[in-house]
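> Submitted below is the structure of interest, expressed as C-alpha cells.
The values are calculated or read from the model by the stated rules, or taken from the named source; none is laboratory data. Everything quoted here is computed from the prediction, not taken from an experiment. Positions of Cβ are generated from backbone atoms using ideal geometry, with glycine treated the same way; all protein chains shown enter the neighbour counts. All accessible areas refer to the heavy atoms of the entire protein, side chains included, with ligands and DNA or RNA removed. Shrake-Rupley method; radii C 1.70, N 1.55, O 1.52, S 1.80 Å.
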Amino acid sequence: MDVDGQERTISVVAHPVTLESETLCVALSLEEILETPLSATQVPLDALEMDRLAALERELHATRQGLQSTIEELEASNEELQATNEELMSSNEELQSTNEELQSVNEELYTVNAEYNAKLDALSALNADLEGMAQSTGIATLFVNSDLSLVRFTPEATLLFRLRPSDVGRSIEDFNSLLIYPELSEDLRKTLATGEVVEREVSGPHGSWYLARVLAYGQRKGNDWRRAVMSFIDITRLRDASRLQDLIDSLPEHVAVIDLQGTIRLVNRAWNSFARENGGNPDLDCGIGANYLAVLARSTDPLAPEILRNLQEVMSGRRQAYTVTYPCHSPEEERWFVMHARPLSGSEDGVVVTHFDISPSMSTWPQLSHRHAT
C-alpha cells in the first residue's frame with residue numbers, strides 16, 4: 001500500500017463477533033507490518049507455492065460463502081423459532097384460558113356432585129324410613145312392578161306367601177298363597193291399568209280373615225301405572241266383633257259393655273231402642289262413649305246411689321256379681337226390670353250390664369212387686 005509516497009505492508013485480521021441480536025458478524029482490523037530486510041532464508045514464492053496459496057484463498061472464499069449461507073439459514077431458523085415461540089405463547093394463553101374454564105367446570109361438577117350426594121342421602125333416608133315403616137306396621141305387604149314381579153315385601157307377608165329374600169324379581173303368580181284369593185292377579189292388573197283402588201275381604205288359614213287392598217303408585221308408564229302395593233290387614237277380630245254385635249243385637253235384653261272407668265264400649269240394638277223410646281239420646285246419654293257411672297251419679301232415682309255403689313264394687317273385684325229388680329214405669333203401663341252386672345271373662349277388663357223386662361212375670365206374682373237386690 002502506498003501511503004504518503006511510501007510503500008507499507010498492512011496485515012488484515014478478521015475476527016467473528018456475535019451481537020445481542022444473535023447475528024453473526026466479522027470484525028476487521030488493519031495492522032501495519034514494519035518491513036525488515038529480507039533475511040538470507042526468505043526467498044520469493046515459486047509457482048507451486050503460489051498455486052497452493054491460490055487454492056487456499058479459494059477454499060477460504062468458499063468457506064466464507066458457506067459460513068454466510070449458514071448465517072442466513074440460522075437467521076431464517078431464528079425467525080421461524082421466534083414465530084414458533086409466539087405461537088407457543090399464544091397456545092399457552094389458550095391453554096391457561098381452557099384451564100380456567102376447566103376449573104370453573106370442575107367447581108360446577110363439585111357443586112352438582114354435592115347436590116347429588118345430598119339427594120342420594122335424602123333418598124337413602126327416605127328408603128330407610130319406608131323400610132322402617134313397612135317393618136313396624138306389622139301388616140303383610142307386597143310391592144310389585146308393572147310385570148307383577150316382586151319388588152319387596154314385609155316379613156309378615158312370608159307367613160301368607162312363603163317368600164324368601166331371593167324371591168325378589170320373580171312373578172307373584174309363581175307363589176302359592178295360604179289365602180283363598182283367586183282374583184289376586186286380576187286385581188293387581190286392574191289396579192296397574194286403571195289406578196283404581198281394589199279392596200276385598202279374603203279368608204286365610206285357621207279361620208282368619210284379611211282385608212286385601214291394592215293401590216297403584218309411581219309414575220305412569222304408557223297406559224299403565226309403574227308399580228302397585230298390596231296389603232293384607234288381619235280383620236279376624238273385627239269380624240269376630242261384628243259377629244258378636246250381631247249376636248247381642250239378637251238378644252231381647254238391653255246389653256252394655258262398660259270398662260273399668262265406667263265408659264260404655266259396646267251396646268246392642270235393644271239398649272239403644274229402649275233409650276230412644278223413653279226420651280233418651282243414645283249418642284249422648286247412654287250410648288257408646290258415654291260414662292255409665294256419671295249417668296247414675298246424676299240420676300234423681302232413689303235407687304241410683306245403691307246401684308252405683310254396687311256396680312263399683314263389681315268393677316273393683318270386691319263383688320262377683322250384682323242383681324237388682326227395679327221399677328221403670330211409663331205413663332201407659334207399669335214396668336219392672338232386672339239389672340245384672342258381672343265382670344268380663346277373658347283378657348279384657350270391664351263389666352257386662354244387662355237390663356231385662358220382667359213386667360209380665362211381675363203381674364203374675366204380685367208379692368214380688370218390690371225392689372229386690374242380690
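> Within the stretch 84-120, how many residues turn out to be modelled with pLDDT under 90 and among the aliphatic types (A, V, I, L, M)?
Here the count works out to 3.
> Determine whether residue 288 is part of a loop (DSSP other than H, G, I, E, B) and of a type outside the set (Lys, Arg). Steps first, please.
Details: part of a loop (DSSP other than H, G, I, E, B): yes; of a type outside the set (Lys, Arg): yes.
Yes: the conditions hold for residue 288.
> Got at least one residue in the stretch 363-374 being at pLDDT 80 or above and among the small types (Gly, Ala, Ser)? Show your work before the answer.
Restricting attention to the stretch 363-374, the residues satisfying the condition of being at pLDDT 80 or above are none.
Taking every residue of the stretch 363-374 in turn, none turns out to be at pLDDT 80 or above and among the small types (Gly, Ala, Ser).
> Consider residue 133 carefully, then state whether it is at pLDDT 90 or above and surrounded by 10 or more Cβ atoms within 10 Å (Cβ to Cβ). If you could, list the steps in order and put the result at the bottom.
Numbers: at pLDDT 90 or above: no; surrounded by 10 or more Cβ atoms within 10 Å (Cβ to Cβ): yes.
No; evaluated as a whole, the condition is false for this residue.
> From the list 321, 297, 270, pick out the single residue that is of a type in the set (A, V, I, L, M) and open to solvent by 40 Å² or more (accessible area, probe 1.4 Å). Can you show your working first?
Numbers: 321 fails: open to solvent by 40 Å² or more (accessible area, probe 1.4 Å); 270 fails: open to solvent by 40 Å² or more (accessible area, probe 1.4 Å).
Every option except 297 fails the conditions.
> Looking at the stretch 300-312, which of its residues are part of a helix (DSSP H, G or I) and either in contact (Cβ under 8 Å) with a residue 12 or more places away in the chain or touching a Phe, Trp or Tyr at 6+ places or on another chain (Cβ under 7 Å) (or both)?
306, 307, 308, 310, 311, 312
> Applying the selection to the stretch 338-364, what residues are in contact with a His (Cβ under 9 Å, 6 or more places away or on another chain) and free of Cβ contacts under 8 Å to residues at least 24 places away in the same chain?
Here is the first cut: in the stretch 338-364, the ones in contact with a His (Cβ under 9 Å, 6 or more places away or on another chain) are 338-340, 352-357.
Those that are in contact with a His (Cβ under 9 Å, 6 or more places away or on another chain) and free of Cβ contacts under 8 Å to residues at least 24 places away in the same chain: 338, 340.
> Residue check: is residue 125 open to solvent by less than 60 Å² (accessible area, probe 1.4 Å) and either within 30 Å of residue 193 (Cα to Cα) or more than 18 Å from the chain's Cα centre (by Cα) (or both)?
Values: open to solvent by less than 60 Å² (accessible area, probe 1.4 Å): yes; either within 30 Å of residue 193 (Cα to Cα) or more than 18 Å from the chain's Cα centre (by Cα) (or both): no.
For residue 125, the condition - open to solvent by less than 60 Å² (accessible area, probe 1.4 Å) and either within 30 Å of residue 193 (Cα to Cα) or more than 18 Å from the chain's Cα centre (by Cα) (or both) - is not met.
> Which one of 237, 162, 227 is at pLDDT below 90, basic (Lys, Arg) and touching a strand residue (DSSP E or B) at 6+ places or on another chain (Cβ under 7 Å)?
On the way: 237 fails: touching a strand residue (DSSP E or B) at 6+ places or on another chain (Cβ under 7 Å); 162 fails: touching a strand residue (DSSP E or B) at 6+ places or on another chain (Cβ under 7 Å).
Step by step, each of 237, 162, 227 is checked, and only 227 is at pLDDT below 90, basic (Lys, Arg) and touching a strand residue (DSSP E or B) at 6+ places or on another chain (Cβ under 7 Å).
> Let me ask something else. Can you find a residue that is more than 20 Å from residue 287 (Cα to Cα), open to solvent by less than 60 Å² (accessible area, probe 1.4 Å), aromatic (Phe, Trp, Tyr) and part of a strand (DSSP E or B) anywhere in the stretch 337-352?
no
> List the helices (runs of 4 or more DSSP H) that sit entirely inside the stretch 143-259 and contain at least 1 residues that are open to solvent by less than 80 Å² (accessible area, probe 1.4 Å), closer than 29 Å to residue 348 by Cβ and aliphatic (A, V, I, L, M). Full working, then the answer.
Details: elements: 158-161, 184-194, 236-249.
Helices (runs of 4 or more DSSP H) meeting the threshold: 158-161, 236-249.
> Being touching a strand residue (DSSP E or B) at 6+ places or on another chain (Cβ under 6 Å) and farther than 20 Å from residue 356 by Cα is the filter here, so list the residues in the stretch 285-333 that pass it.
Passing the criteria: 290, 291, 315.
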